[in-house]
Amino acid sequence: MPELPEVETVRRTLEKLILNEPILDISYDYEPMIKMNAKDFVKKVKGQTIHSIERYGKYLVFILDDDAMIMHMRMEGKFYIKSFDQEKSVYEHVIFRLSDKELRYHDTRKFGTIHLVSLNSYKSTYPLKDLGSEPKDLDPLVLYQKIHHRTTPIKVSLLDQHIISGLGNIYVDETLFLSKIDPKRPSNKITKQEAKSLVESATKVLDKAVLLGGSTIRSYTSSLGVHGRFQNELNVHTKVGEPCPICGQTIIKSKVGGRGTYVCPSCQK
């Protein structure tokens, strides 16, 4: 699924392609994606212009004249830029008609969401208001305070977007490896110094992944002609059976919180 670096890559690419474009019309074939009355959504958005595109965690925010259109791509969401006459895929569920092209939202599993919020209050309104800070903006003491009463595994806590925003499965595995922390360790066993290390490691991992355009692995490949290279820099994620780049111990795979988890049993005791 697209994580923060992939979403940031999509944001930067879309800004080059659709900024200052008017939305002339909208069509849809799967109404549940639109988290309000779909006809009202079309009526409100139609005629507004895309002035900028922001990102908060894994959310894309399209800044319009009067509203903010907040989209989450979830598991399989992608964007396509196509001409008016190109055949519509059965997976293109929401189509925005622009001046000379179409922005098509493609989602095989239909998990993506679209919220429309007033431009004056979108940061303090659901779904953005409950997001935790991204690692680069997070005080390690705040992270410690958020997790030190939790008995859930630290990996599960780091995946919780209310605690820390933007980390998904790939980047949590890499963060925990850099901090030499076992993903199964109860969150309340993390020390203040380890919380500091986690924030620093997460920031380092995400910064590098953004620089390299994200990770083109598994089901996520950018449909906008941008393919990430961070998968070439992974230390443990997907590396089961391979030697740890630090100690040479064989990397193992297990399940933590229902998610496939890659770990060096020596470095992350």
Could you please give the count of residues in region 102-125 that are open to solvent by less than 50 Å² (accessible area, probe 1.4 Å) and without any contact (Cβ under 8 Å) to a residue 24 or more places away in the chain?
-> 3
Do the conditions hold for L60, that is, is it surrounded by fewer than 19 Cβ atoms within 10 Å (Cβ to Cβ) and either at pLDDT 95 or above or under 16 Å from V94 (Cβ atoms) (or both)?
-> no
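One line per residue, one yes/no per condition, for (1) within 21 Å of D107 (Cβ to Cβ); (2) outside any loop (DSSP other than H, G, I, E, B); (3) touching a residue at least 12 places away in the same chain (Cβ under 8 Å):
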residue	(1), (2), (3)
K43	no, yes, no
L60	yes, yes, yes
D65	no, no, yes
M71	yes, yes, yes
E76	yes, no, yes
Considering only region 147-191, state which residues are touching a residue at least 60 places away in the same chain (Cβ under 8 Å), open to solvent by less than 20 Å² (accessible area, probe 1.4 Å) and over 14 Å from V205 (Cα atoms).
-> K155, I181, P183
Report yes if I23 is under 18 Å from F84 (Cα atoms), in contact with a strand residue (DSSP E or B) (Cβ under 8 Å, 6 or more places away or on another chain), crowded, with 18+ Cβ neighbours inside 10 Å and not small (G, A, S), otherwise no.
-> yes
Which numbered condition I95 fails, given (1) touching a Leu at 6+ places or on another chain (Cβ under 8 Å); (2) farther than 30 Å from S187 by Cα; (3) open to solvent by 40 Å² or more (accessible area, probe 1.4 Å) | (3)
For region 167-187, indicate whether the set of residues that are modelled with pLDDT under 95, touching a strand residue (DSSP E or B) at 6+ places or on another chain (Cβ under 7 Å) and on the phi < 0 side of the Ramachandran plot is non-empty.
-> yes
Here are some residues: L128, L138, L143. Which one is in contact (Cβ under 8 Å) with a residue 24 or more places away in the chain, open to solvent by less than 70 Å² (accessible area, probe 1.4 Å), under 29 Å from M71 (Cβ atoms) and touching a Leu at 6+ places or on another chain (Cβ under 7 Å)?
-> L143
Please specify each residue of region 1-38 satisfying the condition of being of a type outside the set (A, V, I, L, M), assigned to a loop (DSSP other than H, G, I, E, B) and either farther than 24 Å from S99 by Cα or out of contact with any Asp or Glu (no Cβ under 9 Å at 6 or more places or on another chain) (or both).
-> P2, E3, N20, K35, N37
With respect to the numbered conditions (1) touching a residue at least 40 places away in the same chain (Cβ under 8 Å); (2) not in a helix (DSSP H, G or I), which one is the sole condition not fulfilled by V90?
-> (1)
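The values are calculated or read from the model by the stated rules, or taken from the named source; none is laboratory data. Everything quoted here is computed from the prediction, not taken from an experiment. Ideal geometry is used to build each Cβ from the backbone, glycine not excepted, and the neighbour counts take in all protein chains shown. Just the protein is used for accessible areas: all its heavy atoms, side chains included, with ligands, DNA and RNA removed. Shrake-Rupley method; radii C 1.70, N 1.55, O 1.52, S 1.80 Å.
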